[in-house]
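Accompanying notes for the structure given below.
We did not get these values from a lab; they are worked out from the coordinates using the rules stated. These figures come from a predicted structure and were not determined experimentally. Every residue, glycine among them, receives a Cβ derived from its backbone with ideal geometry; neighbour counts consider all protein chains shown.
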Amino acid sequence: MRRQIFKRSYFRLTIFTTLLFVFFLNIFGQRAPTQKCAETDYDCLIAKYDDEIKLNPNAAEAYYQRGTILVYKNEYDQAMKDYNKAISLNPKFEKAYSGRGYIYLQGMHYADALREFNRAKEFNPKDSYVTDNLIYIYEVIKQGGLPLEEYDKLIQVEPNKAEYYFFRSKLHFRAKDFDKAIEDSSKAIELNPKYIEAYAIRSDSYCEVGKSKESNADIARYEGLSGKKTNAVCKVCVLKPIDCQINDLTEEIVLEIKKEFPTKLNSLYNGRGILYYRKGDYDSALTDFNKTEDKYGFVASSLYRGDIYLRKGKYDEALVDFTQYLKNNPASIQINLNVGEIYLNKREYEKAFEYFDRVIFLSPVQSKAYFARGTIYLERAENYSETGNDEIKAAEAYKNAVKDFDSVIKLDLKEINPEVYIRRAKAFEKLGEREKADADRRKFEELSQKP
């Protein structure tokens, strides 16, 4: 069995070795069938366990063993049925819980996987396989970037984890559901009164719904806990909060300019630039950011300005800002994605690959990164083929492209980009799998004709 990778090669080797050990122990242990089968003759092994189950329908171990072999065949639905049956016969069968957790993990259902592995740990706290999987799951969760439904499930599994409520509050805020953002950020603060970022989200949410007193109180708490002076303030505007805030800052800028020794212009321009950005007035935002940097030597918000440059197709300028931002925020999934896309557009494939690979390591649910990396694998494969003397590397690159496009399709069940099928078809064709290539081309045509 293979699963998503958390650490580098050592972790990969450890998990793979563990899985092989468990597999062979299961098949050739004391409960194995008396007739021998080849180690990789899964159909033979399944048939033997079929016979054992017929003789003893209550043999929980036999169901587990058969489920494990089915997992090796990637027949997850049938394997899950066997694990379920094993648990119904023996509710303390920790290995069957681990088996279910593994299957959920393959589908990137982290909350369900977490529930199963925690259950397995209850019965066997020293199981290193369970521990390794739990470490991996928590690392993925810590990176954020999961869909709203996944955080709903995580909260059901572990209702006292402050970070789950915080991540969900950010999603509510982006969706402009400010009441729910306030509710979730408040719960995160209740569970962890020193959760600095939760105060920031709640402050912004309070301001958006016109609760300036509560918003300013949270700003004060944020500054007290973080030790940072933000110069932020919320003033209630009945109709257009952002326009109101822009007007207030404009008035402050005019007053500040009149001073003999202005000291706040840097933060005022930067703050107004961010408001313009949120409003969608990118030209005004860019003007403020550039005033801040060019006139006063203040480093403007590289995150926002870089995004504006990217929207305008000014890739080199965007790279400067994004690179600056990543120095202090190396694990930012969105900025790593942006930089990868820039290098991809500039046809600097190896640099692009580095950033998309990093995104997938940080968050294995980013379909855009898989699509881009798969495209780069295709480019590599073609280059290898053109040289005429590296067909082995070319084949390996085509196979990696197929794997990445498979991940895109698995992740984007509702909104499949037709392009992923035509690109996977190309890889299949180069690998000699013509039937699969033809099927993908048909799927491409089908999806391309949809409105």
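Quick notes on this structure:
- Tensor-based shape of the stretch 155-226 (alpha-carbon gyration tensor, a/c under 1.5 rounded, otherwise prolate or oblate): oblate
- Note on K436 and D43: with the Förster distance fixed at 22 Å, the Cβ-Cβ geometry gives a FRET efficiency of about 0.50.
- In the stretch 73-147 the Cα-Cα distances spread across 10 Å bins starting at 0 as 21, 50, 25, 3 percent of all pairs.
- For L447, L134, L275, order by how many other beta-carbon atoms lie within 10 Å, fewest first: L447, L134, L275
- By the beta-carbon count within 10 Å of each Cβ, the least crowded to most crowded order of C44, C234, C37, fewest first, is C44, C37, C234.
- Equivalent ellipsoid semi-axes - Cα gyration tensor, the chain, angstrom: 49, 30, 18
- Along each principal axis, Cα extent of the stretch 365-451, largest first, Å: 44, 27, 16
- Residue-averaged 222 nm ellipticity for the chain, from DSSP H runs of 4+ at -39500 (n - 2.57), nearest 500: -24500 deg cm²/dmol
- Cα shape, the stretch 301-347, gyration tensor, a/c 1.5 rule: oblate
- Cα→Cβ-extended label distance, 7 Å offset, between C244 and E317, nm: 3.3 nm
- When each of E382, E208 is scored by the number of other beta-carbon atoms lying within 10 Å, the sequence from fewest to most is E382, E208.
- When only alpha carbons are used to place a centre, the stretch 76-91 and the stretch 186-233 end up 47 Å from one another.
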